[in-house]
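One structure is given here, and the rest of the page talks about it.
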Amino acid sequence: MNSPLIDVRGVCVEFNRRAQCVKALDDVRLAISRGESVGLVGESGSGKTTLARVLLGLQTPTSGDVFLEGRSIGAWLRNERAAFRRRVQMVFQDPYGSLNPRLSVGSALAEVLRVHGLASRAEESGAVAGLLNTVGLDAAYAERYPHEFSGGQRQRIGIARALATQPEVLIADEPVSALDVSVQAQVLNLLRDLQRERGLTLLLIAHDLAAVRYVCDRVVVLFGGRVVEEGRADRVLENPEHPYTRSLLAAVPEI
Amino acid sequence: MVSAVQRALLEVRDLSVQFGTGNRAVRVVDGVSFSVAAGEVVALVGESGSGKSVTALSLARLLPEASAQIAGGAIFFDGADVCGLSNEALRKLRGGQVAYVFQEPMAALNPVFSIGFQIREVLRLHRPGIDREAELRRLLKAVGLDDVARVAKSFPHELSGGMQQRAVIAMALAGKPRLLVADEPTTALDVTVQAQVLDVLLDVQRAEGMGMLFITHNLGLVAKVAQRVLVMYAGQIVEAGSTEAVLKTPRHPYTQALLKAVPRLRGGGERLDGISGVVPTASNFPKGCRFHPRCAFARERCGIEAPIWDADGGARGVRCHFWKEIATGREAGRR
């Protein structure tokens, strides 16, 4: 019996707005094994992003806890913050907002390597070139600045930046929703290949159910801060059991 | 074509729109022709930068004239040339004959006036003499905002995104338009809300017998709403035809590639064929066929000579040198 890589145990997150208490997450339980790709779906306000923030240690749960390799995230952050950051990385939705416009792509990637002590000065440029190649970009692009790239290329750079620390867990929050339709497939293919080839544990947050089905083995449906359904992607999307999942699927316009 | 032209509510002929002047002019829309009949829904599909929104805005001359010029072609609304209209006539056209629904409801609504006030304002301008309170009630009910009294008193920020977009649709309907231009009207909404708002839009379109130009990047939505579809790429229409024909037997390599690039909810997980490269910007549209650098079927001629519009009698047309050969090749591949 493998113990899960990530174990979310009864996590609640409450936000207090004036006298009102908003429950963003309500007793969420979820176990993710090493090498699994999990899609997190739900509408805005369902708690998807809050859950991602909890997993990254950016949001402390009101109650409950999250364990990575059996150790709580709180303990990771207190004792081995850098190691935790190396192992869990994030790809953001907006490729335009998540890169420093004043750093060349090469320096942005080298900075990650330097902060985590992953490459010596001499090795840096080679490592940067390797990262760019991994995401399908020319190594010569290291000299260029973010504004010189298209949205799809920037998203690849965002993925390269996340991969720089050789993470075990990659959390991607709506990674293609800001991209042109013709470019979305490129980035979905990249995520799928990386996950399969490197055995990455991938958490893909998306409202596009077809994209989740394409990339993920398992789907978790969030509604009002609760997990209302989970299971194998093909099973959940072909035979949804929860009425909310059904309404979500019925609402998708199909060609 | 001639009979369709005579009956068309909107007819756009060889429209070109450019930004800037002299040798810095950039032609964003280049030679676009199409028509929309009363009661018909036509979808305009394209990615960002394809010129679909600029086309839509130019229909009622909503583009800022200081920076954007209609460089060629003509727009006829109900037989009258929109380019020749006086400011007075344009004011009547906008909101009265042609109404718009845009992507962001919060940007279309004035945050400091109530919903009721904003709808009454349209009624006052475009339909003087009508019983405004009764019409306000009718409009809000038509878009599914049944709690009329409360919604009319509400300010935009007090409503959800879906309710805001319904209010915007009610506002657009208030002038009794004959053509509704909906530019990505559901893109900013959650899927379930998107489906509801879409149903409302189609219900009122049918009930009022309006023509509708529905702009989207989502091919799934096209199948649901439109009888005809126009596919735009890099400022030009590259394929047009009935929705069924275009989605089932696409002729242009771009349309084919676009359909293959979208993951499907049902069916296996076959690898998606992404389209390589990026959507070109208007200042550097490629020579020859504008899609050729990204096209899997491109040959030498494609980079030299721009393909002309190849229409086969009816409303079906395509802008590609080799579409017939490509279609035969696909047939052979299938066998």
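Only the coordinates and a few stated rules stand behind these numbers; no lab work does. Since this is a predicted model, take the numbers as computed values, not measurements. Cβ atoms come from the backbone with ideal geometry, glycine included; neighbour counts cover every protein chain shown.
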Practice task
Within a 10 angstrom radius of each residue's Cβ in A:183-190, how many Cβ atoms of other chains show up on average? Whole number is fine.
Solution key: 6
Handout entry: Over chain B, relative contact order from alpha-carbon pairs under 8 Å, at least 6 apart, %
Key = 20 percent
Fill in the blank from the handout: The Cα radius of gyration of region A:145-221, divided by 2.2 N^0.38 Å with N its residue count, comes to 1.07
Handout entry: Enclosed volume per residue, in Å³, of the convex hull spanned by Cα atoms of region A:19-104
Key = 175 Å³
Practice task
Name the lysines eligible as straight-distance cross-link partners of residue B:260: C-alpha to C-alpha under 26 Å, and not fewer than 8 places from it in the same chain.
Solution key: B:52, B:224, B:248, B:287, B:324
Fill in the blank from the handout: The residues B:78, A:138, sorted from fewest to most surrounding Cβ atoms within 10 Å, come out as A:138, B:78
Practice task
Would you mind checking the radius of gyration and Dmax of region B:178-335 based on alpha-carbon positions, in Å?
Solution key: 17.2, 51
Practice task
Give the value in nm², to one decimal: projected area of the alpha carbon convex hull of chain B, averaged over all directions.
Solution key: 19.0 nm²
Exercise for the section: For each of B:252, A:147, count neighbouring Cβ atoms within 10 Å of the residue's Cβ, then give the residues from fewest to most. Expected result: A:147, B:252
Problem - Over region B:240-305, relative contact order from alpha-carbon pairs under 8 Å, at least 6 apart, % - result: 25 percent
Handout entry: P(r) of chain A over all Cα-Cα pairs, binned every 10 Å from zero, in whole percent
Key = 7, 30, 35, 22, 7, 0
Handout entry: Compactness of region B:253-335 - radius of gyration and Dmax, Cα, Å
Key = 14.5, 42
Handout entry: P(r) histogram, all alpha-carbon pairs of region B:109-200 included - 10 Å bins from 0, percent
Key = 17, 51, 29, 3
Practice task
Give the relative contact order (percent, whole number) for chain A; include only Cα pairs under 8 Å separated by 6+ residues.
Solution key: 26 percent
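Take A:12, A:216 and order them by how many other Cβ atoms sit within 10 Å, fewest up front.
A:12, A:216
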Practice task
Relative to the longest principal axis of the C-alpha atoms of chain B, give the angle of the C-alpha long axis of helix B:115-126, reported between 0 and 90° and rounded to the nearest 10°.
Solution key: 80 degrees
Exercise for the section: For region B:219-303, build the convex hull from the C-alpha positions and give me its volume per residue in Å³. Expected result: 111 Å³
Exercise for the section: Convert each backbone phi in region B:278-284 into a coupling constant with the Karplus relation 6.51 cos²θ - 1.76 cosθ + 1.60 (shift: θ = phi - 60°), then list the ³J(HN,Hα) values in order as whole Hz, x for Gly and Pro. Expected result: 10, 5, x, 8, 4, 6, 9
Problem - Rg ratio (alpha-carbon, reference 2.2 N^0.38 Å) - the protein assembly as shown - result: 1.04
Completion exercise
Correct response: the longest run of chain A lacking exposed trypsin sites (Lys or Arg not before Pro), defined by DSSP loop and at most 10 other Cβ within 10 Å, is A:103-255
Fill in the blank from the handout: Expected vector for region B:318-327, Karplus 3J(HN,Hα) from phi with 6.51, -1.76, 1.60 and θ = phi - 60°, integer Hz, x for Gly and Pro, equals 8, 10, 7, 5, 10, 4, 5, 4, 4, 5
Exercise for the section: Enumerate the lysines that residue B:141 could reach by cross-link, defined here as Cα to Cα under 17 Å, with residues fewer than 8 away along the same chain left out. Expected result: B:153, B:176
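I want the local charge near residue B:292. Using Cβ-Cβ distances under 11 Å, sum +1 for each Lys or Arg and -1 for each Asp or Glu among the other residues.
+3
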Practice task
Could you please state, rounded to a whole Å, how far the C-alpha centre of region B:280-335 is from the C-alpha centre of region A:226-255?
Solution key: 39 Å
Fill in the blank from the handout: A correct Stokes-Einstein calculation for region A:79-141, using the alpha-carbon Kirkwood radius, 37 °C and 0.692 mPa s, returns a whole-number D in µm² s⁻¹ of 254 µm²/s
Practice task
Could you estimate the translational diffusion coefficient of region B:3-143 from the Stokes-Einstein equation, with Rh from the Kirkwood formula over C-alpha pairs, at 25 °C and 0.890 mPa s, in whole µm²/s?
Solution key: 143 µm²/s
Exercise for the section: For region B:56-111 and region B:145-196, write down the distance between their C-alpha centroids in whole Å. Expected result: 20 Å
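Could you check what % of the DSSP bridge pairs in chain A are antiparallel, to the nearest 5? Each step should come with its number before you reach the end.
Values: 22 of 39 bridges.
So the antiparallel bridges in chain A amount to around 55 percent.
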Handout entry: Hits among lysines - C-alpha to C-alpha of residue A:23 under 22 Å, sequence gap 8 or more where chains match
Key = A:48
Practice task
Report the local net charge at residue A:78: Lys and Arg +1, Asp and Glu -1, summed over other residues whose C-beta lies under 14 Å from its C-beta.
Solution key: +1
Problem - Isotropic mean projected area of the C-alpha convex hull, region A:15-164 (nm²) - result: 11.3 nm²
